[in-house]
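Each remark here refers to the structure printed beneath this line.
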Amino acid sequence: MDFTVGTQIADRTVHLTRESLVRYAGASGDFNPIHYRDDVAEQVGLPGVLAHGMLTMGIASSVVVAALGDAAAVTDYGVRFTRPVVVHPEEGAELRVVATVGAADTASARIDLTVTSGATTVLGKAQIRVSRA
């Protein structure tokens, strides 16, 4: 893999549906109703049912792991949750992940992620450190 600074290593859009949220809730044990009930989301002032933050974070990292072909190369991963991903009941939501080499040396590289839903950036300071060994 080319770890030259500025090289884009991945650009992928993932479609989320309400079914995606239900499946993630079952896998994670996070059954907070803001992730599947419009009425509850509205009652607490949200714009709609939201994707789980950790689902969004997991999808973003999986795009990089797929590009690398080696999950063991990931040594660190961090994000800031900046905006929620609203998942429409019929249309769902598109989550786009663009991964670019932000820094590199002989031992490791930092992959910077731009993660958006529509025109909104949903993860900030999203960075994955990978070993080049």
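Consider region 92-109. How many of its residues are surrounded by fewer than 16 Cβ atoms within 10 Å (Cβ to Cβ), of a type in the set (Ser, Thr, Tyr) and under 15 Å from the mean Cα position of the chain (by Cα)? Counting residues in region 92-109 that are surrounded by fewer than 16 Cβ atoms within 10 Å (Cβ to Cβ), of a type in the set (Ser, Thr, Tyr) and under 15 Å from the mean Cα position of the chain (by Cα) gives 0.
Of all residues in region 36-63 being β-branched (Val, Ile, Thr) and within 10 Å of the chain's Cα centre (by Cα), which is farthest from residue 87 (Cα to Cα)?
So in region 36-63, the residues β-branched (Val, Ile, Thr) come out as 40, 44, 49, 56, 59, 63.
If we keep only those that are within 10 Å of the chain's Cα centre (by Cα) as well, we get 56, 59, 63.
Working: 56: 12, 59: 15, 63: 20 Å.
For region 36-63, the residue satisfying everything is 63.
Among the residues of region 62-78, is any in contact with a helix residue (DSSP H, G or I) (Cβ under 6 Å, 6 or more places away or on another chain), over 29 Å from residue 22 (Cβ atoms) and surrounded by 13 or more Cβ atoms within 10 Å (Cβ to Cβ)? Looking for residues that are in contact with a helix residue (DSSP H, G or I) (Cβ under 6 Å, 6 or more places away or on another chain), over 29 Å from residue 22 (Cβ atoms) and surrounded by 13 or more Cβ atoms within 10 Å (Cβ to Cβ), one finds none in region 62-78, hence no.
Under the condition of being surrounded by 17 or more Cβ atoms within 10 Å (Cβ to Cβ) and either in contact with a Pro (Cβ under 8 Å, 6 or more places away or on another chain) or β-branched (Val, Ile, Thr) (or both), the residues counted in region 115-133 number 5. In region 113-123, the condition of being closer than 19 Å to residue 67 by Cα and out of contact with any helix residue (DSSP H, G or I) (no Cβ under 8 Å at 6 or more places or on another chain) is met by at least one residue.
Out of curiosity, is residue 86 under 30 Å from residue 5 (Cβ atoms) and either touching a strand residue (DSSP E or B) at 6+ places or on another chain (Cβ under 6 Å) or surrounded by 15 or more Cβ atoms within 10 Å (Cβ to Cβ) (or both)?
Details: under 30 Å from residue 5 (Cβ atoms): no; either touching a strand residue (DSSP E or B) at 6+ places or on another chain (Cβ under 6 Å) or surrounded by 15 or more Cβ atoms within 10 Å (Cβ to Cβ) (or both): yes.
Against the criterion (under 30 Å from residue 5 (Cβ atoms) and either touching a strand residue (DSSP E or B) at 6+ places or on another chain (Cβ under 6 Å) or surrounded by 15 or more Cβ atoms within 10 Å (Cβ to Cβ) (or both)), residue 86 does not qualify.
Put simply, of 51, 60, 71, 41 the only residue that is out of contact with any Pro (no Cβ under 8 Å at 6 or more places or on another chain) and either closer than 18 Å to residue 102 by Cα or at pLDDT 95 or above (or both) is 60. Pairing residues of region 24-45 that are more than 17 Å from residue 58 (Cβ to Cβ) with residues that are basic (Lys, Arg) and part of a helix (DSSP H, G or I), at Cβ distances under 9 Å and at least 6 apart in sequence or on separate chains, gives 36/18. Checking 104, 60, 66, 93 one by one, the residue that is among the small types (Gly, Ala, Ser) and without any contact (Cβ under 8 Å) to a residue 60 or more places away in the chain is 66 and no other.
The values are calculated or read from the model by the stated rules, or taken from the named source; none is laboratory data. Predicted model, so just to flag it, every value in this text is computed and none were measured. Every residue, glycine among them, receives a Cβ derived from its backbone with ideal geometry; neighbour counts consider all protein chains shown.
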